[in-house]
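Working notes for the structure below.
The values are calculated or read from the model by the stated rules, or taken from the named source; none is laboratory data. Since the model is a prediction, treat every value here as computed from it, not as a measurement. Just so you know, the surface numbers come from the protein's heavy atoms only, side chains and all, with ligands and any DNA or RNA stripped out. Shrake-Rupley method; radii C 1.70, N 1.55, O 1.52, S 1.80 Å.
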Amino acid sequence: MRTLTLPLFAAPLLAAGVYAVDRRLRAARTRRQLLDALAVLPELAGVVPAGRSARVAALAHVLGERLERRERERLATVARLAPLAPAVVEAAATDVEVVRLLEEVQAAPPGRAGPAAAAVRVAATFEAHLERVPASGALFATLVEHPRGEERRAAEALVGFVQNRPSRV
């Protein structure tokens, strides 16, 4: 009889645990989908060229390579949401740190931006340069997709710029 008692009482606890984990995963997926939809809005409205948010996020991820993992995740999210107002992003029930970093990217005066905010600014500036000079778009594709040799050195130079001179961004 004792061998039946433990599974009998553990089954409802296990079911409640599985339910809680499932709800948490669904909420995280819903938040991610909402942020993806928000990131596309400026492109659909014609405020920025199509695909810009993904390109800026990819470059910011390369620039933030030396940051800690959690900060890199925030960096990519903020890079995609940079054209939006922080209040809109905050209303989407986003992480407080993402909203704080977005505010820093948009409002910090030159010389006051941290490394993550500087990386987003450099990535956005680089992308804006590529929009003015379309022929150099190949440089961006090479830099992000083939980080070896000269391309790797270029990425490291941009990383060095972000880390050594955040006050200039």
Calculate one ³J(HN,Hα) per residue across segment 96-102 by plugging θ = phi - 60° into the Karplus curve 6.51 cos²θ - 1.76 cosθ + 1.60, and present them in order as whole Hz with x for glycine and proline. 4, 5, 5, 5, 4, 5, 4
Classify segment 1-64 as rounded, prolate or oblate, taking a ≥ b ≥ c as the square roots of the eigenvalues of its Cα gyration tensor: rounded when a/c is under 1.5, otherwise prolate if a/b is larger than b/c and oblate if not. prolate
Probe of 1.4 angstrom, ligands and nucleic acids ignored: what's the accessible area per residue over segment 25-83, in square angstrom? 56 Å²
Report in % the part of the accessible area of segment 1-59 that belongs to carbon and sulfur, leaving out ligands and nucleic acids; probe 1.4 Å. 69 percent
Ranking by accessible area, most exposed first, for E68, E131 with a 1.4 Å probe: E68, E131
Going by accessible area, probe 1.4 Å, with all protein chains left in place, what is the ranking of F9, F126, largest first? F9, F126
If you take the square roots of the eigenvalues of the alpha-carbon gyration tensor of segment 22-100 and sort them as a ≥ b ≥ c, do you get rounded (a/c under 1.5), prolate (a/b over b/c) or oblate? oblate
